[in-house]
Structures are given as C-alpha cells and as structure tokens.
Amino acid sequence: MATPSQQGSGSDSMEPSLTPPPESPDPSFAKKPKLAPASPRKRDIPQGVWDKCPKCEAMIFEQELEDTLKVCPHCSHHFPIGARERIESLVVSGSFEEMDAGMTSADTLEFTGTSSYASKLEKHRQKTKLNDAVITGLCQVGERRAGLAAMDFNFLGGSMGSVVGEKITRLVERSTEEQVPVIIVSSSGGARMYEGMFSLMQMAKTSAALAYHGRKGLAYISVLTHPTTAGVMASYASLGDLIVSEPKAMIGFAGPRVIRDTTQSELPEGFQTAEFLMERGLIDAIIPRRQLSERLSEYLGYLCPATA
Ligand SMILES: [Zn+2]
C-alpha cells in the first residue's frame, strides 16, 4: 500500500497538528495517475504580477493596485492593507517616529491548543515582519502633529493582547503629555484568546488612557477598517470623538451567526456594515481610503487649536 505520509509534502510547512493526517480512505485514489499540469490558461502572465479582485473579479496589475492604495480601480473594493502601508498612506513622508518597536508578547499562560502560542507568535513574526499586531508612533498628519496607531490584521487576526493594549496605552499617554490628538486605525478580530484575561484587561486600560486624554480636551479620531469587531470595537475603537470607517467594512461585536442563533431572529439587510451603522448614528463618516489622509488632516484642523 502506498504510504499517504509520503504524499502532499506541500503541507509540511503547515503548523504542527496533534493528530496525524487521516489515512486515505480509498487507496485507489492514491494510485490515480497524475493529471496533466492544469495550465491551459495563458502562460504568458507572470505569477505575482496580477491580482484578482474578489468582488468584481477583474484582473488588476499589481503595480496599479499599489498606486491606488489597494483599492480596486473598477469597483472600489478595498483590499486589506498592512500597518506599514497604512501609516505611509496617512502621514507626511518621513515624519513617523515609531514607539516601542521592539515590544513583544510574553506567553504568560503558556497556552497550547493545536500549537503553542509561542510558536504562533514566532510564525506570525516571520510572516509579517512585525513584532505584534499594531504599530504606534508620533507623526505629522497634514499640518498637525498627532499620535497614530495602525493595526495589522495579518498578525494573528489583529487580535489585542498585552502588547497591542500596552502600545496603544503608551501612545495615548504620550499624546496626552505632548498635548496632541490621537488617531487609531483599527482592524481586529478582538481580544487575543491566547492571553485570556490579560487581553480583556487591555480594554479597560486603553479606555482609561483615552479618558485622561479626552479630559485634557484633546481629540481622538477612531478609524474603523474591515473588520473591526469584538473586544477592540467594544473598547478604544468605539470611543472616538469622531468615528469614521472605510466603505463596506464589517463592524460589530459578536459575529452575525452568533447573534442570529442567540436572538433566533433574521438579521436586517446590511447588518454590521459600516453603511448600516452610519445610518444609525454610530459612525460619523465613511471615507474611501484614498481620501483618508486629506480628510483626517481636515478634521484635525477643526478639532485641534493650531499650535504656535
Ligand atoms: Zn473590483
């Protein structure tokens, strides 16, 4: 019999599983002759040069997508964007002074599921070249100096653990000291379950820091991007003096399926989209990504007295 473990070597790099992969149920499949390479499609398109829009299915030249800040030029679908690209798209070039760049998570609970938290962290550090799911720093947005945090969904789903909470808190405290406004661009699946209660505590900590910042009469603009949910939405993301969102972002606390099952009722059309929440007053404005820098700078102009 063929040994299935010799096959599918492409999965070797996947995270280790506690249970071995199941045996092939029907050995005859294992002996199936190899099909001819599935390449009747045009081979003159080099790989990695084109991206397909998941919304309108148009093929977009990668360089074009970079130039449009990853917004589909045909249907305006907003592709995900990383924290570094986000910061570059918002600040005056060369003005960003990163804070706490080397801060990394401790695996206090020594959490282990299908793989250990420590190994997940290491894998995501290598994959994203980030130390955790947020980058923070002081910068210039238009004519104003501001504290800026940008979350990155690629790092463990943008989840908020101790590092995300601490970096955001330090940024807000520093902005309070320097009397500058704060902008936080959120993108998160919520609290980081691998850190248990420690991640939930970040909700209170970040909220308190923002309250002190607000008491000094300093502005905070929360920018929601797809998706912003759970513990992040239930703390700093919903506390902005202004709350703005990218178009069509999914914003909510629990997922729609959980809510449908709990309430045993059909959810209204467009539930948990930015547009739905703007109609109902939670979100103040929906801003396409390419206008975000300009609009934020405009808002800061209204909200913050000009410094001498
Ligand atoms: Zn499109």
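Listing for the model above:
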item	result
Cβ-Cβ under 7 Å pairs, at least 6 apart or on other chains, region 62-84 side more than 9 Å from the ligand (Cβ to nearest atom), far side part of a helix (DSSP H, G or I) and of a type in the set (Gly, Ala, Ser)	Leu69/Ser89
Checking Cys53 against (1) away from the ligand (no atom under 16 Å from the Cβ); (2) modelled with pLDDT of 55 or more, the condition it does not meet	(1)
Whichever residue in region 231-267 is acidic (Asp, Glu) and under 30 Å from Gly214 (Cβ atoms) and, among such residues, is nearest to the chain's Cα centre (by Cα)	Glu246
Those helices (runs of 4 or more DSSP H) lying entirely in region 251-308 with at least 1 residues touching a residue at least 12 places away in the same chain (Cβ under 8 Å) and within 30 Å of Asp67 (Cα to Cα)	274-279, 289-303
Residue in region 89-112 that is surrounded by the fewest Cβ atoms within 10 Å (Cβ to Cβ), counting only those that are in contact (Cβ under 8 Å) with a residue 12 or more places away in the chain and over 30 Å from Ala146 (Cα atoms)	Leu109
Single match in Tyr194, Tyr212 (criterion: part of a helix (DSSP H, G or I) and buried (at least 17 other Cβ atoms within 10 Å of the Cβ))	Tyr194
Residue match in region 121-134 (condition: part of a loop (DSSP other than H, G, I, E, B), surrounded by fewer than 18 Cβ atoms within 10 Å (Cβ to Cβ), in contact with a Leu (Cβ under 8 Å, 6 or more places away or on another chain) and modelled with pLDDT of 95 or more)	no
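The values are calculated or read from the model by the stated rules, or taken from the named source; none is laboratory data. Predicted model, so just to flag it, every value in this text is computed and none were measured. Backbone-built Cβ (ideal geometry, glycine too); neighbour counts: all protein chains shown.
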